[in-house]
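What follows is one structure encoded as structure tokens, with my remarks underneath.
The values are calculated or read from the model by the stated rules, or taken from the named source; none is laboratory data. Predicted, not measured: the structure shown is a model, and the values here were computed from it. Cβ placement follows ideal geometry from the backbone for every residue including glycine, while neighbour counts extend to all protein chains displayed.
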Amino acid sequence: MKLPDPITLTSGLIAEFEEDRWVPGAVQLLIDGTPQSHVNLRDPSELFFEYIRRIGHVIDLFRTPGRPISALHLGGGAFTLPRYIVATRPGSRQQVVELEGALVDLVREAAPLPKRASIRVRRGDAREVLSKLPEGMRGAMDLIVVDIFAGDRTPAHVSSVEFYELVRPLLSPDGIAVVNVTDGTGQHFTRGQVATLESLFPSVAAIAEPQVLKGRRFGNIVLLAAEHTEELDWLPRLLASGPHPARMLIGRELETFVGGVKPVTDARATDSPRPARELFERS
């Protein structure tokens with residue numbers, strides 16, 4: 001497989017693709033050496049990263065399997081989840097917002113999107129793009145995935161109440177927002193994100209590997225937010241779907257986890273914590 005040369009993004013970070021030595025036909029996108037996305041070009045329905053598989057199960061369970069949905073992805077990466085929706089929910093209409101236009105071009109060269117996929121790409125900062133989306137998108141999105149990273153950190157300005165106030169109006173009445181958070185010891189960033197979502201959405205849940213939720217190791221936490229509790233009545237099946245081990249926090253357990261942390265506003269928002277470099281060192 002001939003892959004394009006690495007490129008330098010406007011942020012100064014290096015983006016490159018590498019072949020997966022263990023999965024024929026699969027490639028991985030690295031940003032400054034940090035694995036950002038994994039795509040199996042032969043079978044886009046196969047998801048590699050643990051947190052992506054959890055989000056994939058959300059996509060499978062929150063609507064009748066196989067039925068088309070409307071989805072908005074904030075953060076493009078290598079378009080792993082849009083490809084998954086194309087493969088598992090044919091006919092879906094999707095939009096992807098990605099800051100780095102050069103990255104979009106690199107992805108299209110290294111891992112072209114399915115030709116018949118209805119995927120529109122909007123280039124620009126997610127928060128700025130959200131404020132300019134067509135009025136017809138308000139209340140129309142079945143699924144919004146927030147997976148925004150600058151290198152290995154989520155920027156502060158896309159973690160606040162003010163940011164999510166732009167996200168919420170786009171959801172359909174029975175839609176769901178899915179947020180990927182990375183955190184480590186103490187889980188303070190995650191607690192702030194949960195508190196922020198709870199200030200806007202009546203129903204919120206968190207799912208991750210138990211040791212991550214306990215703050216004993218760095219990792220990904222998937223947060224779910226919806227307007228109505230009944231929109232999350234399939235959560236027991238989500239937990240059972242794996243990857244295992246897995247733990248879900250909702251209701252009183254989630255409130256205990258938040259522990260009085262206040263919602264994050266623009267005035268005090270910070271970037272997510274940086275993972276230890278050894279987590280991503282290549283052997």
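Go through 192, 260 for me and flag whichever is among the small types (Gly, Ala, Ser), loosely packed, with under 14 Cβ neighbours inside 10 Å and either at pLDDT 95 or above or in a loop (DSSP other than H, G, I, E, B) (or both).
Details: 192 fails: loosely packed, with under 14 Cβ neighbours inside 10 Å.
From the options 192, 260, the qualifying one is 260.
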Subset of the stretch 42-59 [surrounded by fewer than 18 Cβ atoms within 10 Å (Cβ to Cβ) and either farther than 23 Å from residue 213 by Cα or touching a Cys at 6+ places or on another chain (Cβ under 9 Å) (or both)]: 42, 43, 45, 46
query: Can you name every residue in the stretch 140-158 that is buried (at least 21 other Cβ atoms within 10 Å of the Cβ) and either free of Cβ contacts under 8 Å to residues at least 24 places away in the same chain or over 17 Å from residue 222 (Cα atoms) (or both)?
result: 141, 142
Residue pairs meeting the criteria (Cβ under 6 Å; at least 6 apart or on separate chains; first within 22 Å of residue 26 (Cβ to Cβ) and touching a residue at least 24 places away in the same chain (Cβ under 8 Å), in the stretch 74-95; second among the charged types (D, E, K, R) and not in a helix (DSSP H, G or I)): 75/147; 76/98
- prompt: In this structure, does residue 69 turn out to be touching a Phe, Trp or Tyr at 6+ places or on another chain (Cβ under 9 Å), modelled with pLDDT of 95 or more, surrounded by 17 or more Cβ atoms within 10 Å (Cβ to Cβ) and within 20 Å of residue 234 (Cβ to Cβ)?
  reply: yes
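Within the group 144, 119, 176, which residue is part of a strand (DSSP E or B) and either among the small types (Gly, Ala, Ser) or farther than 29 Å from residue 275 by Cα (or both)? First the steps, then the outcome.
Values: 144 fails: either among the small types (Gly, Ala, Ser) or farther than 29 Å from residue 275 by Cα (or both); 176 fails: either among the small types (Gly, Ala, Ser) or farther than 29 Å from residue 275 by Cα (or both).
Result: 119 is the single residue among 144, 119, 176 that is part of a strand (DSSP E or B) and either among the small types (Gly, Ala, Ser) or farther than 29 Å from residue 275 by Cα (or both).
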- prompt: Which one is surrounded by the most Cβ atoms within 10 Å (Cβ to Cβ), of the residues in the stretch 233-257 that are of a type in the set (A, V, I, L, M) and under 15 Å from residue 197 (Cα atoms)?
  reply: 249
message: Please pick out the residue among 210, 173, 169 that is in contact with a Pro (Cβ under 6 Å, 6 or more places away or on another chain), surrounded by fewer than 16 Cβ atoms within 10 Å (Cβ to Cβ) and either at positive phi or not β-branched (Val, Ile, Thr) (or both).
response: 210
